[in-house]
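What follows is one structure encoded as structure tokens, with my remarks underneath.
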Amino acid sequence: MTIKVFINKGIGKIGRMWYENNHINWIATIYFNLRQLTFIQAIKLPVFVYWGTNLIDLSGSIIFKCPIKRGMVHLGKKWTRSQGYTIFQNRGIWEIEGKVIICKGTHITIAPSAILCTGNSVRIRENCYIAVNKSVSIGNNSEIAYSSQILDSDFHYIIDVKTRQCQYNKAPIVIGNNNWIGSYTTIKKGTITPNYCIVASSYSVLSKDYTKNIPEFSIIGGIPAKLIVSGKRRVFSMTSQSKLYDYFLHSNNIFVLTENENIEKFCN
């Protein structure tokens, strides 16, 4: 109990100071890696845990499906709108396929026998809530904006009073590659999104397989979410975003990417 409080809360004023300055909690980092990984993997310290992160249950495991490097995963990293403590509970399996940033204030819980899979260059912004009771997969280079929630279970059952039938309340969620999920989005059980999908409207609700009738490079949104427009994709590259910022700082004209510029490189 003493060790757990020490890890989660820090050490008095020093701990609070480091937490406010977004420093890595090295004690929690070492503890986390040793609990979740084999010793050979753990000593590489692939997961950095930041101050203000509560490690509730680490009885599950992490499986790296890629070469392990130091600091590949950042758990509880402070971002612009971060509030409160990061909460992490893993009683199942977390499969990691590359770099992951999980921002401060996010709550992640993985139930026994459940699997969370994160691709390469995944960003989960501040104050999100992810509850994995069966399976949640987040594709490569996808980003979940702040205060969104991903729930692969209804957490309750509903019975049809006429047929007296009750359906299973869990279904896997698959978020495609290069997705951008806008803020305050709710993603419910059974959701599958196409690659290069943008959820543009705040408070959108997703609850089905959108790959059946919505193509890649589409923007969806609403309650329930529906197609808004196709042929669009998110610019993730910070270099390109800076270039666009400077351009529109001096011009109101539409920016046009030249034919010899690679759109994939420009966006990522």
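The values are calculated or read from the model by the stated rules, or taken from the named source; none is laboratory data. Quick caveat: nothing in here was measured; it's all calculated off a predicted structure. Because the Cβ atoms are built from the backbone with ideal geometry, glycine has one as well, and the counts that use them run over all protein chains shown. We work out accessible area using only protein heavy atoms, side chains counted, and drop any ligands, DNA or RNA first. Shrake-Rupley method; radii C 1.70, N 1.55, O 1.52, S 1.80 Å.
Quick notes on this structure:
- Qualifying positions in the stretch 239-266 - in a helix (DSSP H, G or I), over 17 Å from ASN178 (Cβ atoms) and among the aliphatic types (A, V, I, L, M): LEU244, LEU249
- Among the strands (runs of 3 or more DSSP E) confined to the stretch 111-166, the ones with at least 2 residues that are in contact with an Asp or Glu (Cβ under 9 Å, 6 or more places away or on another chain), hydroxyl-bearing (Ser, Thr, Tyr) and open to solvent by 10 Å² or more (accessible area, probe 1.4 Å) are located at 135-138.
- VAL205 being among the aliphatic types (A, V, I, L, M), in contact with a Pro (Cβ under 6 Å, 6 or more places away or on another chain) and closer than 26 Å to ALA171 by Cβ: yes
- Residue match in the stretch 195-212 (condition: part of a loop (DSSP other than H, G, I, E, B), touching a residue at least 24 places away in the same chain (Cβ under 8 Å), under 23 Å from ALA114 (Cβ atoms) and polar (S, T, N, Q)): no
- Among residues of the stretch 93-110 being open to solvent by 10 Å² or more (accessible area, probe 1.4 Å) and part of a strand (DSSP E or B), the one that is nearest to ASN22 (Cα to Cα) is ILE101.
- For the stretch 230-237, the count of residues that are open to solvent by 70 Å² or more (accessible area, probe 1.4 Å), of a type in the set (Lys, Arg), under 26 Å from GLN149 (Cβ atoms) and not in a helix (DSSP H, G or I) is nonzero.
- Of all residues in the stretch 167-194, those satisfying the criterion of being in a strand (DSSP E or B) and not β-branched (Val, Ile, Thr) are LYS170, TRP180.
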